[in-house]
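Worksheet: one structure, shown below.
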Amino acid sequence: MSEKHPIIAITGSSGAGTSTVTRTFANIFRREGVKAAIIEGDSFHRYDRKEMRQRMAEEEAKGNRHFSHFGPEANLFEELENLFKTYAETGRGRCRKYLHNEEEAAPYGQEPGTFTPWEDLPPDTDMLFYEGLHGAVVTDKVNVAQYPDLLIGVAPSINLEWIQKLIRDKTQRRYSQEAVVDTILRRMPDYVNYICPQFAVTHVNFQRVPVVDTSNPFIARDIPTADESVCVIRFAKPKGIDFPYLLSMIDGSWMSRANTIVVPGGKMELAMQLIFTPFIWRMMERRRRALGLA
Ligand SMILES: Nc1ncnc2c1ncn2[C@@H]1O[C@H](COP(=O)(O)OP(=O)(O)OP(=O)(O)O)[C@@H](O)[C@H]1O
Ligand SMILES: O=C(CO)[C@H](O)[C@H](O)COP(=O)(O)O
C-alpha cells in the first residue's frame with residue numbers, strides 16, 4: 001500500500017480476460033489523465049519458450065507432468081514482489097515483455113516466445129498497473145498480495161475460461177486443440193494451489209457466467225457473447241460501496257448477496273467504469289496530498 005505510488009493489480013488465469021479488462025482501465029486512465037506504468041505478468045515467467053519446453057521435458061522424464069506456468073518454479077515471484085515493493089516505495093522499477101506471437105515479436109525484431117531486455121519503467125508515473133497470473137499470490141516465500149492498493153480478480157466460470165483460452169490460443173497464438181488441452185491439464189494442480197487462492201484475497205472479483213450451455217467447453221466454436229452471459233461482482237468489503245447508485249445506473253442489475261451485484265454481460269465494462277473511476281480519483285487525491293501538491 002502506498003499513498004505516493006499506488007498499485008492496481010488485475011489477477012486471473014490464462015484466458016480469463018485480464019488483458020481485456022486492462023483495455024477498460026486504459027480508457028479510464030486516458031479520460032482521467034492518469035499516467036500509469038502498465039506491466040504484464042507474463043514478463044515474470046522464469047524461462048523463455050525454448051527453455052520452458054526443455055524444463056517440462058526434464059520434469060516429465062522424472063515423472064512430473066505438472067510443471068507449469070502457474071506455479072512458483074516457472075515464475076520469478078520474488079522479482080515480482082520486489083518490483084511491487086520498490087514501486088510502492090520509490091515509484092521506480094524494472095520490467096520486460098514476453099512476446100507471445102509473431103505480431104507481438106515483430107516490432108522488437110525478436111523470435112516469439114522470447115523476452116525483451118529488462119528496462120526501467122517510465123519515470124514520473126502516477127501508479128503501477130499489473131495484469132496477469134499472480135497479482136495476489138501468497139506462498140511460504142512471497143507475499144505479492146500485500147502491496148496493491150486495489151486488487152481485482154477476473155475469474156469467469158471455469159467452462160467459460162477454458163472456452164476463452166481455447167479459442168484465443170488457437171486463433172491468436174496458433175496452438176492446436178490438443179496442445180491447449182494438454183496445457184490445461186498440465187496446469188491443473190498449480191491452478192488449484194496458486195491461481196484460485198488469490199480470489200480470496202482480492203478486493204473485488206468479476207466472475208462472468210454464461211447463460212448458454214457450455215457443458216462441453218472443448219467443442220465450443222464461439223465465446224458466449226455479452227448477451228449470453230451475466231457478470232457477478234463481489235466486494236470483499238462492501239462498506240462504502242454505493243450499491244443503490246450502481247443499481248440505478250446499470251440497467252438490469254440486481255443484488256444476489258449483501259456484497260454481490262449481478263449485471264448483464266454487456267454492462268460489465270460500464271460497471272467497471274462506475275466502480276473504479278471513483279477509486280482512481282481517490283488514489284490520485286491521496287497521492288497529490290502525500291506529495292504536497294494539493
Ligand atoms: N468479457 C468478455 N466477453 C467476451 N470475450 C471475452 C471477454 N473477456 C475476454 N474475452 C475473450 O477471451 C479471450 C482471452 O481474453 P484475454 O486475452 O483478455 O485473457 P488474458 O486473461 O489476458 O489471458 P493471458 O493471460 O493468457 O494472456 C480473448 O479472446 C478475449 O477476447
Ligand atoms: O498466456 C499465458 C499465461 O498467461 C501463456 O500460457 C504463457 O505466457 C506461456 O506462453 P507460451 O506457452 O505460448 O510460450
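The values are calculated or read from the model by the stated rules, or taken from the named source; none is laboratory data. Quick caveat, the model's predicted, so the values are computed rather than measured. All Cβ positions, even for glycine, are placed from backbone atoms using ideal geometry, and neighbour counts span all protein chains on display.
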Output the residues belonging to region 98-132 that are surrounded by 16 or more Cβ atoms within 10 Å (Cβ to Cβ), of a type outside the set (S, T, N, Q) and more than 14 Å from ligand 2 (Cβ to nearest atom). Leu121, Asp126, Met127, Leu128, Phe129
Tally, over region 277-294, of residues that are touching a helix residue (DSSP H, G or I) at 6+ places or on another chain (Cβ under 8 Å) and surrounded by 19 or more Cβ atoms within 10 Å (Cβ to Cβ): 1
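Residues are listed down the side, and each one gets a yes or a no for (1) of a type in the set (Ser, Thr, Tyr); (2) closer than 26 Å to Lys267 by Cβ; (3) in a strand (DSSP E or B):
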| residue | (1), (2), (3) |
| --- | --- |
| Ile167 | no, yes, no |
| Lys170 | no, no, no |
| Tyr175 | yes, no, no |
| Ile184 | no, no, no |
| Arg187 | no, no, no |
| Val192 | no, no, no |
Give Gln172, Gln177 a once-over and let me know the one that is farther than 18 Å from Gly12 by Cβ, among the polar types (S, T, N, Q) and either surrounded by fewer than 23 Cβ atoms within 10 Å (Cβ to Cβ) or modelled with pLDDT under 95 (or both). Gln177
Just one of the numbered conditions (1) surrounded by fewer than 16 Cβ atoms within 10 Å (Cβ to Cβ); (2) closer than 27 Å to Lys4 by Cβ is not true of Tyr147; which one? (1)
For region 207-240, what are the residues that are hydrophobic (A, V, I, L, M, F, W, C) and in a helix (DSSP H, G or I)? Phe218, Ile219, Ala226
How many residues does region 1-58 hold that are within 16 Å of ligand 1 (Cβ to nearest atom), on the phi > 0 side of the Ramachandran plot and surrounded by fewer than 16 Cβ atoms within 10 Å (Cβ to Cβ)? 0
Taking Lys141, is it basic (Lys, Arg) and either assigned to a helix (DSSP H, G or I) or crowded, with 22+ Cβ neighbours inside 10 Å (or both)? no
Filter region 149-180 down to the residues that are touching a Leu at 6+ places or on another chain (Cβ under 9 Å) and more than 13 Å from ligand 2 (Cβ to nearest atom) and list them by number. Gln177
Checked pairs for region 279-294, first outside any helix (DSSP H, G or I), second acidic (Asp, Glu), C-beta under 9 Å and 6 or more apart or across chains, list as Leu291/Glu3; Ala294/Glu285
